[in-house]
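The values are calculated or read from the model by the stated rules, or taken from the named source; none is laboratory data. Just so we're clear, the structure is a prediction, and the values are computed from it rather than from any experiment. As a convention, Cβ positions derive from the backbone with ideal geometry for all residues, glycine included, and neighbour counts pool all protein chains shown.
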2 protein chains.
Amino acid sequence: MRMNEGVEWAAHCCLMLDWLDAGRPVPTAKLAAAFEVPPAYLNKQLQALVRAGILTSTAGVRGGFQLARPLTKITMMDVVAAIEGPEEAFQCTEIRQRGPGVGTPERILRTPCAVNAAMRRAETQWRKALAAQTLADVSAAVTRKAPKVAEQTREWYETA
Amino acid sequence: MRMNEGVEWAAHCCLMLDWLDAGRPVPTAKLAAAFEVPPAYLNKQLQALVRAGILTSTAGVRGGFQLARPLTKITMMDVVAAIEGPEEAFQCTEIRQRGPGVGTPERILRTPCAVNAAMRRAETQWRKALAAQTLADVSAAVTRKAPKVAEQTREWYETA
DNA sequence: GTCGAATTACTCGGATATATAATGTCCGAGTCGGGCAGG
DNA sequence: CCTGCCCGACTCGGACATTATATATCCGAGTAATTCGAC
């Protein structure tokens, strides 16, 4: 069970877009250069963020990606869901009711699978923790340790 | 990010081993028949449970698998860790420090990655929720809805 | 009848294929900006 | 000098390879029960 690498990329890209505060779209190539990741593959992840409504995309010469809303309105859960999809990590296949059954199918279907319930309980905690943290919180944590990060990022962006 | 199907199998097998209360090892073939899953592949998952110290295995004619300790001493976290391995789902690759850097490497290495920290916080909640639930709890939840499950399971096992 | 050793069938365990998903690449459609001609 | 149109380059977007992981299978090593023979 490994999470897609794209989640990390997506989160960092959102932060960078906020720090740049470019006022205009930032192309994939710039972001890819900043993190040394394959541009085309990063583009694919950014597309997913657009579909999720986190970013907006602009085509054409000075095109690229922009934040669709402020970081305070984007949770870690939003980012993860955008890249990983909405489905749960644990997928109950109801093996309990297969085979030379224990109990009648009817009764089994009425009661939920306890293993599944336990898994969902844990996963709900995970999702709640992710939803409780906005990208603004994360950005603030970075700024606390490295106050000049936004300024330095802008500086690099304008020179490169 | 999908969890291995083997986790579901492993959890249900542990429950069944407890319900059977056979007093002797139960072979893979029986468990596989009960759930209609590929025997050889199930065997692989059970091996992982043995390596994790959740089950004990016995070779030979009347061999098979047994619980190494009571269900009260086995948490959902144990089962997940046995199948999925110990590593975290989110793996920080430190992309922030790659590329035409923002800030000096030295300073960056001193401060932890805030994105990673946020992810770990969520994942810790998940792990805590899993560790808080023992298989005994899960078994109790099943028994509450279907009190005869253990009896029926034994009955099936002895006839088949 | 009892004991012991060889045999045999059964089971685990890991090495080996196959299917599926994640990662990475490529090319076309669309669009914005700039250049150029005409007024 | 200003305005409108055309051209071209840039960017996104999705279709297409490639690699890694999960799923599934197979066969050998080892063991315990059973059988057979000897005492």
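Any idea how many residues of the stretch B:80-90 are within 16 Å of DNA strand C (Cβ to nearest atom) and within 13 Å of the chain's Cα centre (by Cα)?
Pass one, the stretch B:80-90, residues within 16 Å of DNA strand C (Cβ to nearest atom): B:82-85, B:87-90.
Within this subset, residues satisfying the condition of being within 13 Å of the chain's Cα centre (by Cα) are B:82-85.
Matching residues across the stretch B:80-90 total 4.
Test of understanding: among A:ARG96, A:ARG120, A:ARG127, which residue is at pLDDT below 95, surrounded by 15 or more Cβ atoms within 10 Å (Cβ to Cβ), away from DNA strand C (no atom under 13 Å from the Cβ) and not in a loop (DSSP other than H, G, I, E, B)? Spell out how you get there, then give the answer.
On the way: A:ARG120 fails: at pLDDT below 95; A:ARG127 fails: at pLDDT below 95.
Just one listed residue meets the conditions, A:ARG96.
Would you confirm whether or not the stretch A:4-21 contains a residue that is over 17 Å from A:VAL142 (Cβ atoms), away from chain B (no Cβ under 14 Å) and away from DNA strand C (no atom under 11 Å from the Cβ)?
no
Can you pull out every residue in the stretch B:124-160 that is β-branched (Val, Ile, Thr) and at the interface with chain A (Cβ under 7 Å from one of its Cβ atoms)?
B:VAL138, B:VAL142, B:VAL149, B:THR153, listed by residue number.
One line per residue, one yes/no per condition, for (1) part of a helix (DSSP H, G or I); (2) crowded, with 22+ Cβ neighbours inside 10 Å:
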position: B:VAL7; (1), (2): yes, yes
position: B:ALA40; (1), (2): yes, no
position: B:GLY60; (1), (2): no, no
position: B:PHE65; (1), (2): no, yes
position: B:ALA82; (1), (2): yes, yes
position: B:ALA89; (1), (2): no, no
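How many residues, within the stretch A:38-51, are over 17 Å from the mean Cα position of the chain (by Cα) and either facing another protein chain (nearest Cβ under 9 Å) or within 6 Å of DNA strand D (Cβ to nearest atom) (or both)?
We begin by selecting, within the stretch A:38-51, every residue over 17 Å from the mean Cα position of the chain (by Cα); these are A:38-40.
Now narrow it down to the ones that are either facing another protein chain (nearest Cβ under 9 Å) or within 6 Å of DNA strand D (Cβ to nearest atom) (or both): A:40.
The qualifying residues number 1.
Only one of these conditions is not met by B:TRP19: (1) in a helix (DSSP H, G or I); (2) over 16 Å from B:ALA150 (Cα atoms). Which number is it?
Answer for B:TRP19: the failing condition is (2).
Can you report the number of residues in the stretch A:42-52 which are within 12 Å of DNA strand C (Cβ to nearest atom), touching a residue at least 24 places away in the same chain (Cβ under 8 Å) and surrounded by fewer than 16 Cβ atoms within 10 Å (Cβ to Cβ)?
Of the residues in the stretch A:42-52, the ones within 12 Å of DNA strand C (Cβ to nearest atom) are A:42-48.
Still in the running and touching a residue at least 24 places away in the same chain (Cβ under 8 Å): A:42, A:44-46, A:48.
Add one more test, that the residue is surrounded by fewer than 16 Cβ atoms within 10 Å (Cβ to Cβ), and what stays is A:44.
Residues flagged as within 12 Å of DNA strand C (Cβ to nearest atom), touching a residue at least 24 places away in the same chain (Cβ under 8 Å) and surrounded by fewer than 16 Cβ atoms within 10 Å (Cβ to Cβ) within the stretch A:42-52 amount to 1.
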